[in-house]
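Data block below; observations after.
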2 protein chains.
Amino acid sequence: MHNDSKHIASAFDRDLEAIQALIMKMGGLVEAAITDAAKALEERDVELAEKVHKGDKAIDKLEEEVNEEAARLIALRSPTASDLRTVLTVMKISTNLERCGDYAKNLAKRTGVLVNMTQIEGAATSIRRMAREVEEMLKLALDAYIQRDENLAEQVRYRDLDVDQMYNALFREFLTYMMEDPRNITACMHLHFIAKNIERMGDHATSIAEQVIYLTTGEMPEDARPKGDLTSQTEMGSEEL
Amino acid sequence: MHNDSKHIASAFDRDLEAIQALIMKMGGLVEAAITDAAKALEERDVELAEKVHKGDKAIDKLEEEVNEEAARLIALRSPTASDLRTVLTVMKISTNLERCGDYAKNLAKRTGVLVNMTQIEGAATSIRRMAREVEEMLKLALDAYIQRDENLAEQVRYRDLDVDQMYNALFREFLTYMMEDPRNITACMHLHFIAKNIERMGDHATSIAEQVIYLTTGEMPEDARPKGDLTSQTEMGSEEL
């Protein structure tokens, strides 16, 4: 009986590991998509942007696979409450990653539009810096998940504050450019959306980190994410965007 | 034995119904939040906006409840593959609703900022019309789920095209206002984000409808959503935003 339950547990673990391998593969593709999309924007490389755009299908397919395998695992192994929580977390992480992939795809699409517009000095470089930060957050968040490392997860949450600050600075910069010259408006609207979408990727990395904290401590971090404090300062409005 | 499995099946159904009741409650709160947020914006009613903002907590709490109850149901009843699919769908629908609630909250927050800015003639009215459309789509999508009605779900998918068109028209309108007078820029940026967020709520309603189609037919609708066609026309760029 004891042996038997041990046997069942390790079958569950094996299946879970297979799903986690899919998640890590997904993570790798999403990180590459973010890097490439930001690079394509900065270097006005339409071909690379196209590659990112097309590559999103593979990410979507992995998400489906994760969902199917997770459902199969639940049906087959009837996991305990705590194992079930892990499986459901894995499914949520795959959703977070899929959304990040969508944002990278969107960034890539806009690059195709932006190459035909007035160039905004330095914006693409700032955006690339922001993208690099978010990509690192994602990597850390997935490491935190695999190692069930609460401290690493906390780091991700705090780094999200930097991303929010970068975004706020860019928002103000774009406002200035638009006011200076109406011909900058359309390009700035696109760049602003790109910045906003990267900031949202940071939120998804943070959400993964929070799920790791939930898994390891059994509780969601108090106050949800720390950036909650910032966004409630509405007087300037830009924090809200 | 046969009786026993019948007993288990109906226990599952009872539990599922309880969770569905939570979903419908959530749906009701989200629909009200959308309506109130759009009304607050049009009538510059900061108090109503504040009510929407505060009300989002109740929606978040319901989502948590749905997730907990669904996990409990899976652990307790070890549902069959098809029942399990239903439970996982319910969890996804609750995530879609929660995101819509977030967008309504965000709309309400921006209302507090916008009352202090240049008023953009007619924009709030157009936005309210768009919000009404999305709220109806959400209602239809939830009806489609409860009745497992594939045709109703298809309707939701097609109505999303209208919302996308409304959004595109607004986008162009805002560009014009910004180019006309730089003092409109900041307000238009906020209004544009609001329009975009309402368009995203439409995507979430569509996602619920697609899950209903998946539940009833066993397959995701081909081509994902019909609007896919529209968004790939990147020449003007606005469809991308």
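Pairs are defined by a Cβ separation below 7 Å, a sequence spacing of at least 6 or placement on different chains, a first member in region B:105-123 that is more than 10 Å from chain A (Cβ to nearest Cβ) and closer than 23 Å to B:K57 by Cβ, and a second member that is charged (D, E, K, R) and assigned to a helix (DSSP H, G or I); the pairs so defined are B:K105/B:D56. What do you reckon, is A:I127 assigned to a helix (DSSP H, G or I) and farther than 30 Å from B:M179 by Cα? It is false that A:I127 is assigned to a helix (DSSP H, G or I) and farther than 30 Å from B:M179 by Cα. Among the residues making up region B:63-77, those that are crowded, with 17+ Cβ neighbours inside 10 Å and facing chain A (nearest Cβ under 9 Å) are B:N67, B:A70, B:A71, B:I74, B:A75. Does region B:197-220 include one or more residues that are open to solvent by 30 Å² or more (accessible area, probe 1.4 Å) and at the interface with another protein chain (Cβ under 9 Å from one of its Cβ atoms)? Yes, there is a match, as at least one residue in region B:197-220 is open to solvent by 30 Å² or more (accessible area, probe 1.4 Å) and at the interface with another protein chain (Cβ under 9 Å from one of its Cβ atoms). For region B:151-169, the condition of being within 14 Å of chain A (Cβ to nearest Cβ) and either surrounded by fewer than 24 Cβ atoms within 10 Å (Cβ to Cβ) or among the aromatic types (F, W, Y) (or both) holds for at least one residue. Scan region B:26-62 for residues that are open to solvent by 70 Å² or more (accessible area, probe 1.4 Å) and hydroxyl-bearing (S, T, Y) and the total you get is 0.
Considering B:D36, B:D45, B:D102, which residue is within 11 Å of chain A (Cβ to nearest Cβ) and either of a type outside the set (S, T, Y) or touching a residue at least 60 places away in the same chain (Cβ under 8 Å) (or both)?
The conditions single out B:D102.
Pairing residues of region B:1-25 that are open to solvent by less than 40 Å² (accessible area, probe 1.4 Å) and of a type in the set (F, W, Y) with residues that are in a helix (DSSP H, G or I) and modelled with pLDDT of 55 or more, at Cβ distances under 7 Å and at least 6 apart in sequence or on separate chains, gives B:F12/B:R77; B:F12/B:D83. Annotation: of all residues in region A:78-94 being at the interface with chain B (Cβ under 10 Å from one of its Cβ atoms) and of a type in the set (V, I, T), the one that is farthest from the chain's Cα centre (by Cα) is A:T80.
Just one of the listed residues (A:E173, A:E235, A:E180) is within 14 Å of chain B (Cβ to nearest Cβ), at pLDDT below 95 and surrounded by 15 or more Cβ atoms within 10 Å (Cβ to Cβ), and it is A:E173.
The values are calculated or read from the model by the stated rules, or taken from the named source; none is laboratory data. Just so we're clear, the structure is a prediction, and the values are computed from it rather than from any experiment. Positions of Cβ are generated from backbone atoms using ideal geometry, with glycine treated the same way; all protein chains shown enter the neighbour counts. We work out accessible area using only protein heavy atoms, side chains counted, and drop any ligands, DNA or RNA first. Shrake-Rupley method; radii C 1.70, N 1.55, O 1.52, S 1.80 Å.
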